[in-house]
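The values are calculated or read from the model by the stated rules, or taken from the named source; none is laboratory data. Everything numeric in this text was worked out from a predicted model, so none of it was measured. Don't worry about glycine lacking a Cβ; one is built from the backbone with ideal geometry, like all the others, and counts go over all protein chains shown. For the accessible areas, the whole protein counts, side chains as well, though only heavy atoms, and no ligand, DNA or RNA atoms are used. Shrake-Rupley method; radii C 1.70, N 1.55, O 1.52, S 1.80 Å.
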Amino acid sequence: MANDMNIQEVAEKAPRLRSKKGHERRVNASIYAILIVMSIIWLCPFVFLVLQSFRGESGGQVAYVIPKQWTLDNYRFLFEGVAFSLKALVKDVPAIILTVVTNAIGVLGMVKFLTRKPKNPFEKTSGNIKGALLVFGVLLLINVMRCVDSTNCDFVQWFMNTLTIALFCAVIQTIMVLSVSYTLSRMRFKGRKLIMNVVLVLGMFPGFLTMIVLYYLLKMMGLTQAGAVPGLILISCASSGMGYYISKGFFDTIPKSLDESARIDGATRFQVFLKIIMPMAKPIVIYTILMAFMGPWGDYVFASYVAFGHKASYNVAVGLYRWVNTNDYQGYFTRFCAGGVLVAIPITVLFMALQKYYVEGVTGGAVKG
Amino acid sequence: MVGESMNDLDYLRLSKPQKFALKMKKFFAGLPARLLGALKGLLMWFVNLFKGIGSFICDLVTTYIHGDWKTKVSYTVMGFGSMARGQWLRGILFFVFQTVFNLYVWFFGAGYLSKLGTLGTVETVKKGRVTVYGDNSFLILLYGVLTIFFVVAFIYTWYVNVKQNKMSEKILKSGKKLKSAKDDMASLLDNQFHKTLLAIPTLGVTVFTILPIIFMILVAFTNYDNQHQPPGKLFTWVGTANFETLLASPDNKVNFDVTSTTAESAALTITAKNGDILTVNTADVAAAEAAEALTAAADTEFTMVEQADGTYQFEVFSEAGESVSFVGKDLLTVKTPSFSYTFKQVLLWTLIWAFFATFLNYFLGMLVAIMINKKGIKFKKLWRTILVMTIAIPQFISLLYVSKMFAADGLINGMLMNWGWISQPLPFWTDPTWARVTIIGINIWIGIPYLMLIATGILMNIPADLYESARIDGANAFQTYMKITLPYMLFVTGPYLLTSFTGNINNFNVIFLLSQGKPLGLDLAGNAGTTDLLITWLYKMTVTDSNYKLAAVMGILVFVVCAVINLVVYNFIPSVKNEEDFQ
């Protein structure tokens, strides 16, 4: 207790304060040592993974890390049989329509971003170059994905499947989550508490409990095995509204008076949502997109159940898992490493680029529960 | 004694343990009152329910008597009143819903609904080469539930339809105008915007979460497993038998009495290599021989066949491949593991795991965050980025790789053996205790970065002058941590700890990708391994064993465990109770 301490005691502490600098230095040195050791532990598996993906010797994990024989064969194996042709964009009428529509939307979006007028005097430029680049990137990605013919190449096929699922989830789940969280945060209507309680209760049931029923529902719609990719998109998006907690917490922090003043000015609820809340919700939108996009890359359980026995509709997790756990572990281990590296790189880069938003999301979520 | 007479000041004077004890005391002292309150609430709920139904019917009747002919027609043709009064959009929607409902129920749903009581009686039979399919219990249950959903939705919509008419009449009588279709559409983007936003998510959750969960809850009361798999076989209702299997089944003991007459009264206990499975109470020469064979073969298969006279034939395949068999009762006691024992073991490990996974990660993660954020530590961003790698890289890559690293032929054992530190591979995945510790250890590797991120954000918010004054008062680092950092963190992240704990109970990925629940426990039933959590065991039951009935029971029990933890903890965390406080 502060007030209990008398002057004498303070005086006794004085020499200690003087030697504080040396003490501080020792503490810092030990912290550095701990952090360096931790960094090594944290990085080692990933460094080993990369090293072993270049290993020429076959077999599973071996007792040394640096390959005796360096090779790119493992990567070559992953891309064996893949073909790329621009013809896929115009091969028949639906393909042409799809090409025209997606590119038109993309170009329009880019133009809109580039010609955007500044909303307030503090914005320097009139165009939003970052936004335009993003649209361009997505457009390019879609076009390239359609040109890749991966019927004879397992890994590329799996990668494409996962990418497709991830892109669709990123869009649909985000819309679902944002609409639910906005509604529950902002509007007061009959049944609101009921909905929140029902979601809370449903959330306590383990997810895999309903696997067989979901499988059957998908089977009825023809969305298993060959149709596993749209099936997985449907399942992962359908109930995604239940994960509204974090973004609701975010919306709760935006003052309600903003909505009210806009409503007084004659804006409808829809306009408030679109014109006032959404521009302010950029961090949480990016967080939701990031989470929705990253989810499918690690989805093993349900994906393997739905795509069972149909190699062409595996995702990367299922395909690579089967390589090491069901297939020939000795023969496929280094290929698994190579595949893992190729999957990890884009995800990691994306995550690191958007890390700021992730941190905001998890911190906000942890505080608000 | 305390409690009632105490005011806030007295409370503040108490020490930490005293406060905690007081809280616990209040909680338990309040339990009877709370239970009574809950009972009263339940009773009132029922009373209100019946009152509600009464007034509901009363309302319907009076509306019918006082309503005009348009309203009266609407009782049978939904939406007629709305259409006749010019609200064509609402009218058409009501009418379309009624038509779809009728078509569905009469041509499809009614058949399934009527069989819901038995789940089908006509067996699938093979006539020569042709299979004649009978009832499909799975479909009957699924579509039966779906039909009930539809009926409830229909009754509600029908009620809304009637109420609409009542309201419309009232509005017209008062001389006002009704809303046009255009107004309706506009209000969907304005006052009724929540309906627009929630429509698709609600539909998705209803079809893909609520319907399946109700289906599986019902499956828990049937005998749906690999012996009763539609469309080949039927399954049916069995009441609470599955719950008894999982919660209260005794260890199966089968007694044998060898009919051989040359019995010597020497007790013989056979201990199998991996735990005690077989006990022989008395032994004769033949039984002893059989027992030896059993011991040798305890790792392999043995089968029991019940004979017509109530005795058992016991067959063991010895390592040489020859079959030793004898017939009898009451001599050999064979103990096979029960599901209830296994459930208790798995539940225990699940709770231990969740405890360590939550709190070890929590404190270590906080510690790392404090270290990185300490004044004078450089390259903060670098340390953080390195740690965050484990979040960014998909778990199936990192965990699978790490799991292989710890395998008997993996990198770690290989290196240690090369350096000559060990001669035998360390049993990371083959010894139960080793496996459990390894898993908790690797989970720290996965979990610290999350906590580090969360703690960093919160630590920044602790007012710096608190630390400043603590330092002036002469508190050392440990004291400031215990008196300032920890209480603040615990207060702010209380709800997070709760969700994290229940999340860890259901942490499938870490266990599945690292050990798949292995090593298998010989004293465990249902293929359970010693590192299996309830959720991974549930997965095994569903995918490997097709034991859907027990999987369903397990799902319900996991729910109960999570719900109980939530309820208890919510009583201790005031900050999550009132959501409006945050706004």
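A few comments on the model shown:
- Residue in the range B:432-450 that is at pLDDT below 90, of a type in the set (S, T, Y) and surrounded by 16 or more Cβ atoms within 10 Å (Cβ to Cβ) present: yes
- Qualifying positions in the range B:472-517 - more than 30 Å from B:W429 (Cβ to Cβ) and among the hydroxyl-bearing types (S, T, Y): B:T480, B:Y481, B:T485, B:Y488, B:T493, B:Y496
- Residues considered: A:K91, A:K117. Of these, the only one that is among the charged types (D, E, K, R) and exposed (fewer than 12 other Cβ atoms within 10 Å of the Cβ) is A:K117.
- Annotation: B:L347 fulfils all but one of (1) under 30 Å from B:F478 (Cβ atoms); (2) touching a helix residue (DSSP H, G or I) at 6+ places or on another chain (Cβ under 8 Å); the unmet one is (1).
- Extreme residue, surrounded by the fewest Cβ atoms within 10 Å (Cβ to Cβ), among residues of the range B:137-193 that are of a type in the set (G, A, S) and under 44 Å from the mean Cα position of the chain (by Cα): B:A153
- Residue list for the range B:489-539, restricted to those being out of contact with any Gly (no Cβ under 7 Å at 6 or more places or on another chain) and of a type in the set (K, R): none
- Cβ-Cβ under 6 Å pairs, at least 6 apart or on other chains, the range B:88-103 side over 16 Å from B:T71 (Cα atoms) and modelled with pLDDT of 90 or more, far side surrounded by fewer than 19 Cβ atoms within 10 Å (Cβ to Cβ) and aliphatic (A, V, I, L, M): none
- Matching residues, the range A:222-241, being within 27 Å of the chain's Cα centre (by Cα), part of a loop (DSSP other than H, G, I, E, B) and more than 8 Å from chain B (Cβ to nearest Cβ): A:L223, A:T224
- Lone qualifier among B:I210, B:I200 - being within 9 Å of chain A (Cβ to nearest Cβ), within 30 Å of A:T210 (Cα to Cα) and either open to solvent by 80 Å² or more (accessible area, probe 1.4 Å) or among the basic types (K, R) (or both): B:I200
- Cross-chain or 6+ apart pairs with Cβ under 8 Å, the range B:132-143 first and facing chain A (nearest Cβ under 10 Å), then assigned to a loop (DSSP other than H, G, I, E, B) and aromatic (F, W, Y): B:F138/B:Y224; B:F138/B:F235
- For the range B:510-533, the candidate set comprises residues that are more than 15 Å from A:M211 (Cβ to Cβ) and outside any loop (DSSP other than H, G, I, E, B); within that set, the residue that is nearest to the other protein chains (Cβ to nearest Cβ) is B:L513.
- The range A:37-54, subset more than 9 Å from chain B (Cβ to nearest Cβ) and among the aliphatic types (A, V, I, L, M), residue most open to solvent (accessible area, probe 1.4 Å): A:I40
- Residue count, the range A:321-369 (criterion: modelled with pLDDT of 90 or more, more than 13 Å from the chain's Cα centre (by Cα) and at the interface with chain B (Cβ under 7 Å from one of its Cβ atoms)): 1
- Among the residues making up the range A:254-274, a single one is within 10 Å of another protein chain (Cβ to nearest Cβ), free of Cβ contacts under 8 Å to residues at least 24 places away in the same chain and over 26 Å from B:M185 (Cβ atoms): A:P255.
- Within this structure, B:F356 passes the test of being touching a residue at least 24 places away in the same chain (Cβ under 8 Å), within 18 Å of B:I511 (Cα to Cα), surrounded by fewer than 19 Cβ atoms within 10 Å (Cβ to Cβ) and in the same structural domain as B:N509 (by TED's automatic domain parsing).
- Residues of the range B:462-481 that turn out to be facing chain A (nearest Cβ under 9 Å) and either modelled with pLDDT under 80 or within 40 Å of the chain's Cα centre (by Cα) (or both), as a count: 1
- Any hit, the range B:152-172, residues being within 8 Å of another protein chain (Cβ to nearest Cβ) and either at pLDDT 85 or above or in contact with a strand residue (DSSP E or B) (Cβ under 6 Å, 6 or more places away or on another chain) (or both): no
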